[in-house]
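Let me begin by presenting the structure, written as structure tokens, before commenting on it.
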Amino acid sequence: MPDQLGDWTRTHTCGALRTDDVDADVVLLGWVHRVRDLGGVTFIDIRDRAGVSQLVVRDNDALLVAAKRLRSEFVIGVRGVVQRRSDDTVNFKLATGDVEILVREIRVLSEAKTPPFQIAEDGAVSEELRLRYRYLDLRRPRLQHNLGLRHRVTMAVRRYFDAHGFWEIETPILAKSTPEGARDFLVPSRVHPGEFYALPQSPQIFKQILMIAGTDRYFQIVRCFRDEDQRADRQLEFTQIDVEMSFARPESVYGLIEPLMQEVFKEIGRDVSVPLPRISYADAIAKYGSDKPDLRCGLEIVDLSELFRDSEFRVFKQIVADGGVVRGIVVPGGNKYSRSQLDVLVDQAKQMGFSGLIWVRPGEPPLSSVKALNADALGTALARAQASAEDLLLMAAGPAEATSKLLGQLRLHVAKKENLLRADEFAFTWVTDFPLLEYHEDDARWYSTHHPFTAPLDADVDKLESDPGAVRAKAYDLVLNGTELGGGSIRIHDSALQARIFRRLGITDEEAKMRFGFFLEALEYGTPPHGGIALGLDRMIALLAGESSIREVMAFPKTSNAVDLMAGAPSPVDARQLTELHLKTQP
Ligand code: ASP
């Protein structure tokens with residue numbers, strides 16, 4: 001029977017004691033991290049979420065016997081006196097490393113089975129085992145740190161929005177299907193046979209309705225659900241910092257979110273200088289081949305089409321004549337690549353989908369993968385691309401967007417290879433003016449790039465019917481190191497324009513009424529211009545913590561296969577539950 005706490009109260013956490021506390025009588029409560037039995041003395045490291053302290057047991061036979069019984073992960077209480085460690089035993093790796101506690105009494109509060117992996121060592125453990133025993137995994141310092149960071153960031157976010165007049169308002173979890181474009185999780189209604197709630201993919205409609213309701217400024221740190229096939233680092237449920245404000249222009253949102261990023265990055269001691277750069281979607285695609293450009297490395301895509309309009313190199317000339325482009329990137333210091341390194345690069349480019357990649361480097365005689373290019377043309381291309389003598393120019397030709405997107409992939413490949421993407425550098429950018437609509441060949445119709453409530457740019461509204469693909473939106477993404485941190489838009493606040501967009505999307509008036517009728521009706525009762533954004537909290541914390549997976553910053557994530565290995569979800573339910581819900585499963 002384990003001891004009880006009795007009348008003990010913790011005096012300090014396991015990370016708190018310093019030399020100032022020498023001679024103090026203390027009570028520490030925590031887990032046995034390590035035990036070192038040296039015969040006449042036993043050292044015990046005791047751990048809680050605040051840190052580790054060293055306990056010493058000596059000159060007391062009964063205590064030494066008790067200490068010998070201790071195993072890793074037992075929960076214990078100790079009472080003792082703080083003493084300074086001798087110079088040669090100071091542990092610089094521990095915040096408490098200058099002191100130790102001479103133990104007077106030990107109470108075993110709870111024994112522990114041998115854990116399936118070491119908590120004290122940061123060794124490699126399979127993720128499956130870690131998730132199955134998540135409560136043990138969470139005891140490890142790395143995850144404790146991540147959860148602590150997550151807590152501090154969410155608190156900073158709440159303080160920030162509160163200080164700016166935003167109200168945190170909860171929106172329903174049992175809701176109606178929302179239009180973010182992914183599959184909904186459905187919850188059968190017991191009371192209304194055959195009817196279902198949908199878990200929110202985002203509180204989009206609710207937050208807009210809050211603006212109609214005069215709430216003016218709303219935020220919520222909110223769980224969202226999307227039933228998507230699990231791509232690499234997605235979770236079925238994830239957390240957004242969801243924001244909406246009335247009377248907003250895109251600049252109002254940038255002006256709100258940029259200082260928020262400053263506050264958040266303060267939590268890891270980093271300054272963010274504002275205003276953050278902005279780049280239009282069109283420029284981002286042209287210059288970086290991506291709508292999530294990683295700006296930690298230059299490697300900007302340059303357009304060389306004009307040089308080849310009249311060149312002798314017929315392949316390029318023809319492509320340009322047909323309305324295509326010739327574009328390239330300069331690899332800094334790339335002149336040093338050996339011939340075989342270049343061959344490997346060209347092969348890798350082919351795997352990415354390049355039909356051909358041409359490399360050119362300054363040098364005498366001109367070295368190039370293409371004989372038909374004469375020295376003059378090459379020299380001009382190198383000069384136009386501002387390549388220096390140490391550099392390498394890589395060129396490709398074809399349709400503008402596709403060529404830039406391929407070069408965008410190649411750019412990241414080269415940047416990784418050349419170590420140009422530093423993990424401790426944070427390069428933000430806004431990407432603005434996204435296309436409002438995108439055409440899907442498979443079902444031959446237009447879809448919203450963002451969601452159907454996004455407002456078009458005033459200047460482009462006239463093209464909605466005549467040239468839908470050219471209509472830009474008042475939509476923006478916040479991108480950090482090539483990752484989309486979040487996105488949002490200014491919304492349509494005019495019911496006639498909203499109806500027009502639905503028609504453009506091939507949603508019949510009847511269908512619109514069925515799905516969003518309540519919202520269309522609300523729009524007709526005096527709607528302020530409004531807009532907002534949602535930021536992915538999990539991704540943001542992962543970037544702050546330097547973790548590559550969002551699973552490392554969530555307490556209880558699911559596997560990439562959508563399973564909760566600890567609780568064993570999903571799981572079958574009993575027949576009675578199904579009957580109550582008016583459901584039958586198919587074998
Ligand atoms: N609801 C959008 C999303 O979840 C964000 C927004 O437009 O505010 O992506």
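Here are some notes:
- Among the conditions (1) within 20 Å of Ile268 (Cβ to Cβ); (2) away from the ligand (no atom under 16 Å from the Cβ), the only one that Leu129 does not satisfy is (1).
- Output for segment 16-54, where each listed residue is touching a Lys or Arg at 6+ places or on another chain (Cβ under 8 Å) and outside any strand (DSSP E or B): Thr19, Val22, Gly40
- Selected residue (criterion: surrounded by the most Cβ atoms within 10 Å (Cβ to Cβ)) from residues of segment 330-349 that are touching a residue at least 60 places away in the same chain (Cβ under 8 Å) and β-branched (Val, Ile, Thr): Val331
- Among the residues of segment 222-244, not one is away from the ligand (no atom under 15 Å from the Cβ) and crowded, with 20+ Cβ neighbours inside 10 Å.
- Scanning segment 57-100 for residues being farther than 13 Å from Val26 by Cβ and either of a type in the set (Asp, Glu) or not in a loop (DSSP other than H, G, I, E, B) (or both) gives a total of 19.
- For segment 423-475, taking the residues that are part of a loop (DSSP other than H, G, I, E, B) and among the aromatic types (Phe, Trp, Tyr), the one that is modelled with the highest pLDDT is identified as Phe434.
- Criterion applied to Gly487, Gly469 was being under 15 Å from Thr432 (Cα atoms) and among the small types (Gly, Ala, Ser), and the one residue passing it is Gly487.
- Picking from residues in segment 480-498 that are in a helix (DSSP H, G or I) and crowded, with 16+ Cβ neighbours inside 10 Å, the one that is farthest from the ligand (Cβ to nearest atom) is Ser495.
- The one condition from (1) touching a residue at least 60 places away in the same chain (Cβ under 8 Å); (2) farther than 25 Å from Ala562 by Cα that Arg132 does not meet is (2).
- Filtered residues of segment 378-403 (kept if in contact (Cβ under 8 Å) with a residue 40 or more places away in the chain and in a helix (DSSP H, G or I)): Thr380, Ala381, Arg384, Ala400, Glu401, Thr403
- Residues located in segment 413-437, provided they are over 19 Å from Phe265 (Cα atoms) and among the acidic types (Asp, Glu): Glu418, Asp433
- Residues of segment 158-189 that are in a helix (DSSP H, G or I) and more than 15 Å from the ligand (Cβ to nearest atom): Arg158, Arg159, Tyr160, Asp162, Ala163.
- Cβ separations smaller than 6 Å between residues 6+ apart or across chains give no pair from segment 481-500 residues that are closer than 17 Å to Pro293 by Cα and touching a residue at least 24 places away in the same chain (Cβ under 8 Å) to residues that are assigned to a strand (DSSP E or B) and more than 16 Å from the ligand (Cβ to nearest atom).
- Among residues of segment 191-221, those that are away from the ligand (no atom under 13 Å from the Cβ), of a type in the set (D, E, K, R) and under 18 Å from Leu256 (Cα atoms), counted: 2
- Applying the criterion of at least 3 residues that are among the basic types (Lys, Arg) and farther than 30 Å from His151 by Cβ to the helices (runs of 4 or more DSSP H) found wholly in segment 242-331 leaves an empty list.
- A single entry from Val431, Val414 fulfils the requirement of being within 16 Å of the ligand (Cβ to nearest atom), of a type in the set (A, V, I, L, M), under 31 Å from the mean Cα position of the chain (by Cα) and closer than 30 Å to Gly334 by Cβ: Val431.
- Any hit, segment 547-559, residues being touching a residue at least 40 places away in the same chain (Cβ under 8 Å), over 30 Å from His145 (Cα atoms), away from the ligand (no atom under 16 Å from the Cβ) and assigned to a loop (DSSP other than H, G, I, E, B): no
The values are calculated or read from the model by the stated rules, or taken from the named source; none is laboratory data. Everything numeric here is computed off the predicted structure, so don't read it as measured data. Neighbour counts run over all protein chains shown; Cβ positions are idealised from the backbone, glycine included.
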